[in-house]
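The values are calculated or read from the model by the stated rules, or taken from the named source; none is laboratory data. Not measured: the values here are computed from a predicted model. FYI the Cβ positions are ideal-geometry reconstructions off the backbone, even for glycines, and counts take in every protein chain you see.
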Amino acid sequence: MPIGEFGRPPDLPSEVSPALTTPMYWMYEMGHASLNPARAVADMTKLWFENPFNPLATTQFGKSVAAGCELFERTTRRYGKPEWGLHDTEVNGMRVPVEITPVWEKPFCRLLHFDRKLARPLREPQPRVLIVAPMSGHYATLLRGTVEAFLPGHDVYITDWADARMVPVAQGRFDLDDYIDYVIEMIHVLGGNVHVVAVCQPAVPVLAAVSIMEANKDRYFPTSMTLMGGPIDTRRNPTGVNDLAEQKGIDWFRNNVITKVPFPHPGFMRDVYPGFLQLTGFVSMNLDRHVDAHKRLFANLVKGDGDLVDKHVEFYDEYLAVMDLTAEFYLQTVDLVFVKHALPKGEMKHRGQPVDPSQIQRVALMTVEGENDDISGLGQTEATHGLCSAIPDDRRVHYVQKGVGHYGVFNGSRFRSEIVPRISDFMRSSTQSRPVLAAAE
């Protein structure tokens, strides 16, 4: 995952030979496959000790064995892409069904529309929102709560990034330039009259995309962009993961964490930053907390506390589901964003064209930060305002949410009750003040 997003690379030796990193994925797959018989035995044992006809099923011993087997199976399985699970929402006090449909697709991304099946047209159109999800290890479903909070008052679209190991090499490369191209194309597909919300890592490519569109006088410019907890300038209030990138340098990442997708995955022989390394990085950041959480899971399974077990399962089914990133996207992001600070220094280019945020005049800007964010430090997203010097003051907003960390910037109770209403008000006001296109445009 791009350094500084949801975690850090796992602790590795200071230098690993490329000859060792190449078969790394193969070794992981062999290790996972070797546990299949043990998982099957654990499943059968669990079923036996949960069987009501087994006299041991109601004993402390039987419950402990069943809980241990479930814990083993859950900690050794591979978690697939989670479902969205958003089947309905409330619009103007009425429950309406939601249908998720792809409206645009390329090899590395689909644009999903959460189509609310309204019984009658709304009196006033609601803002159309393009949520650009992070391509940083987790699936877009990590933003389930974000989408759910926007659905009642907005027409929501989201980027659904592909797992790189599932994309054949014949489909070509995917790097940061391609990411920017994808964002521009999706804004075009939506006709330009859309509010773009970048959650965390996409703040940089979204700002770059809007900068390029403005420099090219693109008539499909978005009405507004909202950047949330993004690493625009990691020199401000740098966090531990930001410092790591500068200390190691891009060659360390290239030599230590890049490997090839093994057979029989569709992306066979594609260079990637693999999901299992990302997951190791995620967990290592808060290892004690995760160990304690699984100890509590064991105790709750023995006690039969279904509610607490369900909460654990719901969180970890999402948290442990990770995807591979293309090596070129990962390395380019680390190098330009976290090592060279190319965007705030005015040195970033997109396919040879300078990325100049001072070109942005027609797009309203809102930035959101968390007071306790330990991933994108306070001030890193706010730096956008200094770069976007041509946006009028009455069309820009900066908001710091008290008492939340990185995750709380885009999910949780304070996000729903305090951040979303402010973003919604900003979108409506920016729509009213949207510049009228000149005839030449």
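Checking Leu111, Leu118, Leu71, Leu130 one by one, the residue that is outside any helix (DSSP H, G or I), in contact with a helix residue (DSSP H, G or I) (Cβ under 6 Å, 6 or more places away or on another chain) and surrounded by 11 or more Cβ atoms within 10 Å (Cβ to Cβ) is Leu111 and no other. Give region 317-332 a look and list any residue that's surrounded by fewer than 22 Cβ atoms within 10 Å (Cβ to Cβ) and not in a helix (DSSP H, G or I), or say none. Those that are surrounded by fewer than 22 Cβ atoms within 10 Å (Cβ to Cβ) and not in a helix (DSSP H, G or I): Leu320, Ala321. Under the condition of being under 10 Å from Glu73 (Cβ atoms) and among the hydrophobic types (A, V, I, L, M, F, W, C), the residues counted in region 42-62 number 1.
Only one entry in Val272, Val261, Val241, Val283 is at pLDDT below 85 and surrounded by 18 or more Cβ atoms within 10 Å (Cβ to Cβ), namely Val241. Residues that are at pLDDT below 90, within 27 Å of the chain's Cα centre (by Cα) and part of a helix (DSSP H, G or I) occur in region 75-94; there is at least one. Considering only residues in region 235-273 that are outside any helix (DSSP H, G or I), farther than 15 Å from Ala164 by Cβ and of a type in the set (S, T, N, Q), the one that is nearest to the chain's Cα centre (by Cα) turns out to be Thr239.
Considering Ala164, Ala208, Ala140, Ala198, the condition of being surrounded by 19 or more Cβ atoms within 10 Å (Cβ to Cβ), closer than 24 Å to Ile375 by Cβ and free of Cβ contacts under 8 Å to residues at least 40 places away in the same chain is satisfied by Ala140 alone.
For (1) closer than 25 Å to Arg144 by Cα; (2) of a type in the set (Lys, Arg), each residue gets a yes or a no:
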residue	(1), (2)
Pro354	no, no
Gln359	no, no
Glu369	yes, no
Asp373	yes, no
Thr381	yes, no
Cys388	no, no
Asp393	no, no
Arg414	yes, yes
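Among the residues of region 370-386, those that are surrounded by fewer than 21 Cβ atoms within 10 Å (Cβ to Cβ) and out of contact with any Asp or Glu (no Cβ under 7 Å at 6 or more places or on another chain) comprise Glu371, Asn372, Asp374, Gly379, His385, Gly386. Among residues of region 326-354 that are free of Cβ contacts under 8 Å to residues at least 24 places away in the same chain, those with a Cβ under 6 angstrom from a residue that is outside any loop (DSSP other than H, G, I, E, B), sequence gap 6+ or separate chain, pair up as Ala342/Leu336.
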